[in-house]
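K.L.:
Please read through the structure below; I'll follow up with questions.
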Amino acid sequence: MHHLRATRRGLSGLATIVLIAACANHGNPDPGGRILSSLTPVLNVIPHNAQVIVRDTGKPHWDSCDGRAGTFGFDPVQVDAEFVTAEAPSALLASAGQTMAAAGWRVEQPLTSPLGPGTEWTRTVPGGARATASLAPGTYGPGSETYWDVEAMAPSHGRQASGC
């Protein structure tokens, strides 16, 4: 068992070295974490009494379309959360609109789906890129509880993964 842990530790260290080498060879996709920091406040639309199911802040990684040549680049910077709340959709969207406006986001368009209304916003993030954010209902499939999904995404610096 001790040998297995040492091997895992060694592999983990190797993965870290490979990731550092990839970033070193291709630049820093989010210098100082400035883009991620500018997106993270969208999570403030989650009501205090909500039950958060998933929360993820994604730093960009060097990626490709299944390893195909010419598709390598960095993923977008993103934050995402799924939550459930007893708050009425109209009240949630109104509150979210105020929170987003105060953080410098502009309404891009209302969203509609069979599950209910949502909203999409845009703003410029450090480096001049256009970021998008949305708040909309979602579901894991028939018979499952409806949840709310809030996400924000912006292009990272450097070459973008493309061609998928």
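K.L.:
Below 8 Å between Cα atoms, with a sequence gap of 6+, how large is the relative contact order for region 44-163 in percent? Can you show the working numbers first?
P.N.:
Values: 238 pairs, mean separation 36.1, N = 120.
Relative contact order, region 44-163: 30 percent.
K.L.:
Out of residues 5 or more away from Val77 or on other chains, whose amide H comes under 5 Å of its own, with H placed 1.01 Å from N in the peptide plane?
P.N.:
Under 5 Å from the amide H of Val77: Ala154, Ser156.
K.L.:
Turning to a different aspect of this structure: With N set to the residue count of region 40-111, report its C-alpha Rg divided by 2.2 N^0.38 Å to two decimal places.
P.N.:
On the way: Rg = 16.2 Å, N = 72, 2.2 N^0.38 = 11.2 Å.
For region 40-111, the normalised Cα radius of gyration is 1.45.
K.L.:
Separate question: Tell me, what HN-Hα J-couplings in whole Hz come from the Karplus equation 6.51 cos²θ - 1.76 cosθ + 1.60 at θ = phi - 60° for each residue of region 102-115, using x for Gly and Pro?
P.N.:
5, 8, x, 8, 10, 5, 8, 6, x, 10, 10, 8, x, 7
K.L.:
Then there's this: How would you order 32-41, 65-74 from highest to lowest mean count of nearby Cβ atoms within 10 Å? Before the final figure, lay out each step's value.
P.N.:
On the way: 32-41: 18.1, 65-74: 13.3.
Descending packing order for the listed peptides: 32-41, 65-74.
K.L.:
Ile53's amide H: which non-local residues (gap 5+, or another chain) put their own amide H closer than 5 Å, with H modeled 1.01 Å from N in plane and none for Pro or chain starts?
P.N.:
Glu82, Phe83, Val84
K.L.:
To continue, here is another question. Could you estimate the translational diffusion coefficient of region 56-159 from the Stokes-Einstein equation, with Rh from the Kirkwood formula over C-alpha pairs, at 10 °C and 1.306 mPa s, in whole µm²/s?
P.N.:
Values: Rh = 15.3 Å.
Estimated diffusion coefficient is 104 µm²/s.
K.L.:
Determine the per residue accessible area of region 88-146 with all protein chains present and a 1.4 angstrom probe, expressed in square angstrom. Can you show the working numbers first?
P.N.:
Values: 3240 Å² over 59 residues.
About 55 Å² of surface per residue is accessible.
The values are calculated or read from the model by the stated rules, or taken from the named source; none is laboratory data. Computed from a predicted model, the values in this text were never measured in an experiment. So basically every Cβ, Gly included, is an ideal-geometry build from the backbone, and we count neighbours across all protein chains shown. Keep in mind that these areas ignore ligands, DNA and RNA; they rest on the heavy atoms of the full protein, side chains included. Shrake-Rupley method; radii C 1.70, N 1.55, O 1.52, S 1.80 Å.
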